[in-house]
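The structure under discussion appears below in the form of structure tokens.
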Amino acid sequence: MSSLLQSGIIKAYWRLLPILFLSYIIAYVDRNNVSLAKLKMVDDLPSFRYRTETIFGLGQAAFFIGYLLLEIPGTLIVEKWSARKWICRIMITWGIVASLTSVVTKPWHFYIIRFLLGLAEAGFFPGVIVYLTHWFPSQARARALSLFLIATPIAQFISPKISYYILRMGTIENGIYYRTLFKLKGWQWMYIVWG
């Protein structure tokens, strides 16, 4: 490999992978933060107290139904249109819809938001794969992909710790009141922050 090509690959690593890495951490956290938010949502939302597991199970199913509906079309759009623009669209709509989960009050609101979140997030992972194929030659692509995928275990490590502190907002634990902003509960802030 020529030194000019090697220099370009290193530059691409430093320009692309940090933002893609961070985006994949947020994607992973976004899929799994429902299980953490559930701990406080059932206390604040009376309609979620009964059939809790069913409600959250159907919410996860709604997410993956939306995800599956647009996964393949999203991948085709990435290839035909522009990976950069499509990933940008995904990140914007995904952030908006994820943040909207904070205004859920009824189970059917939750199902709709989770379905829309699945639609918004669909195509992100294959879009990144296509994007990496455009920037890295085959011998460097495996390393770039592996660096991107390391985001999953890192997300598993950091997200519960960060989410724990966010979830405490607006609660009293062991006689200590944890402040909140705008009278929102911790679970609402968790959806807004990770969104």
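The values are calculated or read from the model by the stated rules, or taken from the named source; none is laboratory data. Computed from a predicted structure; not experimentally measured. Methodologically, a virtual Cβ is constructed for each residue, glycine included, from the backbone with ideal geometry; neighbour enumeration extends over all protein chains shown. SASA here: full protein model, heavy atoms, side chains in, ligands and nucleic acids out. Shrake-Rupley method; radii C 1.70, N 1.55, O 1.52, S 1.80 Å.
Which residue pairs have Cβ atoms closer than 8 Å, lie 6 or more positions apart in sequence or on different chains, and pair a first residue in the stretch 66-78 that is charged (D, E, K, R) with a second residue that is part of a helix (DSSP H, G or I)?
Between residues of the stretch 66-78 that are charged (D, E, K, R) and residues that are part of a helix (DSSP H, G or I), the close pairs are 71/126.
When you scan the stretch 117-161, how many residues do you find that are open to solvent by 50 Å² or more (accessible area, probe 1.4 Å) and of a type outside the set (D, E, K, R)? So that I can check it myself, show each step before the final result.
Step one: list which residues in the stretch 117-161 are open to solvent by 50 Å² or more (accessible area, probe 1.4 Å), which gives 125, 129, 133-135, 138-139, 141-143, 145-147, 149-150, 153-154, 156-158, 160-161.
Imposing the further condition that a residue be of a type outside the set (D, E, K, R) reduces the set to 125, 129, 133-135, 138-139, 142, 145-147, 149-150, 153-154, 156-158, 160.
Residues in the stretch 117-161 being open to solvent by 50 Å² or more (accessible area, probe 1.4 Å) and of a type outside the set (D, E, K, R): 19 in total.
Mind checking which residues of the stretch 37-49 are surrounded by 18 or more Cβ atoms within 10 Å (Cβ to Cβ), more than 22 Å from residue 65 (Cβ to Cβ) and not basic (Lys, Arg)? Give the derivation first.
Kept after step one, since they are surrounded by 18 or more Cβ atoms within 10 Å (Cβ to Cβ), are these residues of the stretch 37-49: 37, 40-41, 45, 48.
In the following step, the residues that additionally are more than 22 Å from residue 65 (Cβ to Cβ) were identified as 40, 45.
Once the filter is applied, which keeps residues that are surrounded by 18 or more Cβ atoms within 10 Å (Cβ to Cβ), more than 22 Å from residue 65 (Cβ to Cβ) and not basic (Lys, Arg), the stretch 37-49 yields only 45.
Starting from the stretch 181-195, keep only residues that are in contact (Cβ under 8 Å) with a residue 40 or more places away in the chain, then list their pairs with residues that are open to solvent by 30 Å² or more (accessible area, probe 1.4 Å) and basic (Lys, Arg) whose Cβ atoms are within a distance under 8 Å, requiring at least 6 positions of separation or different chains.
Close Cβ pairs satisfying both conditions: 185/40; 186/40; 186/168; 187/40.
So, in the stretch 18-35, exactly how many residues are closer than 12 Å to residue 160 by Cβ and surrounded by 20 or more Cβ atoms within 10 Å (Cβ to Cβ)?
Start the filter on the stretch 18-35 by keeping residues that are closer than 12 Å to residue 160 by Cβ, which leaves 28-29, 32-33, 35.
After this cut, where a residue has to be surrounded by 20 or more Cβ atoms within 10 Å (Cβ to Cβ) as well, the list is 29, 33.
Summing the residues that are closer than 12 Å to residue 160 by Cβ and surrounded by 20 or more Cβ atoms within 10 Å (Cβ to Cβ) in the stretch 18-35 gives 2.
Output the residue which, of all residues in the stretch 106-116 that are of a type outside the set (A, V, I, L, M) and open to solvent by less than 40 Å² (accessible area, probe 1.4 Å), is farthest from the chain's Cα centre (by Cα).
The initial filter retains those residues of the stretch 106-116 that are of a type outside the set (A, V, I, L, M), namely 106-111, 114-115.
Checking which are open to solvent by less than 40 Å² (accessible area, probe 1.4 Å) leaves us with 107, 110, 114.
Working: 107: 21, 110: 16, 114: 12 Å.
It comes out as 107.
Would you say residue 84 is among the basic types (Lys, Arg), in contact (Cβ under 8 Å) with a residue 40 or more places away in the chain and surrounded by fewer than 16 Cβ atoms within 10 Å (Cβ to Cβ)?
Numbers: among the basic types (Lys, Arg): yes; in contact (Cβ under 8 Å) with a residue 40 or more places away in the chain: yes; surrounded by fewer than 16 Cβ atoms within 10 Å (Cβ to Cβ): yes.
Yes: the conditions hold for residue 84.
Taking the stated definitions as given, is residue 191 over 18 Å from the mean Cα position of the chain (by Cα), aromatic (Phe, Trp, Tyr) and closer than 17 Å to residue 26 by Cβ? If you could, list the steps in order and put the result at the bottom.
Numbers: over 18 Å from the mean Cα position of the chain (by Cα): no; aromatic (Phe, Trp, Tyr): yes; closer than 17 Å to residue 26 by Cβ: yes.
No; evaluated as a whole, the condition is false for this residue.
Among the residues that make up the stretch 89-99, is at least one of them open to solvent by less than 50 Å² (accessible area, probe 1.4 Å), of a type in the set (Ser, Thr, Tyr) and either within 18 Å of residue 184 (Cα to Cα) or modelled with pLDDT of 85 or more (or both)? Step through it out loud before you land on a result.
Taking the stretch 89-99 and keeping what is open to solvent by less than 50 Å² (accessible area, probe 1.4 Å), we get 90, 93-95, 97-99.
This time we only want the ones that are of a type in the set (Ser, Thr, Tyr), so: 93, 99.
Next cut, either within 18 Å of residue 184 (Cα to Cα) or modelled with pLDDT of 85 or more (or both) only: 93, 99.
Yes, the stretch 89-99 contains a residue that is open to solvent by less than 50 Å² (accessible area, probe 1.4 Å), of a type in the set (Ser, Thr, Tyr) and either within 18 Å of residue 184 (Cα to Cα) or modelled with pLDDT of 85 or more (or both).
Please work out which one of (1) of a type outside the set (A, V, I, L, M); (2) at pLDDT below 85; (3) part of a helix (DSSP H, G or I); (4) crowded, with 18+ Cβ neighbours inside 10 Å is the condition residue 170 fails and give its number.
The one condition residue 170 does not meet is (3).
Is it fair to say residue 79 is closer than 16 Å to residue 135 by Cα, of a type in the set (Asp, Glu) and part of a helix (DSSP H, G or I)?
Details: closer than 16 Å to residue 135 by Cα: yes; of a type in the set (Asp, Glu): yes; part of a helix (DSSP H, G or I): yes.
Yes: the conditions hold for residue 79.
Restricting to the stretch 60-81, give me the number of residues that are within 15 Å of the chain's Cα centre (by Cα) and either farther than 15 Å from residue 124 by Cβ or open to solvent by 40 Å² or more (accessible area, probe 1.4 Å) (or both).
Counting residues in the stretch 60-81 that are within 15 Å of the chain's Cα centre (by Cα) and either farther than 15 Å from residue 124 by Cβ or open to solvent by 40 Å² or more (accessible area, probe 1.4 Å) (or both) gives 2.
Could you list, in sequence order, all residues of the stretch 119-156 that are over 15 Å from the mean Cα position of the chain (by Cα), of a type in the set (A, V, I, L, M, F, W, C) and in a helix (DSSP H, G or I)?
129, 130, 132, 135, 140, 142, 144, 145, 147
Among the candidates 37, 122, 83, which residue alone is of a type in the set (Gly, Ala, Ser) and under 23 Å from residue 189 (Cα atoms)? Walk me through it before giving the result.
On the way: 122 fails: under 23 Å from residue 189 (Cα atoms); 83 fails: under 23 Å from residue 189 (Cα atoms).
The unique qualifying residue is 37.
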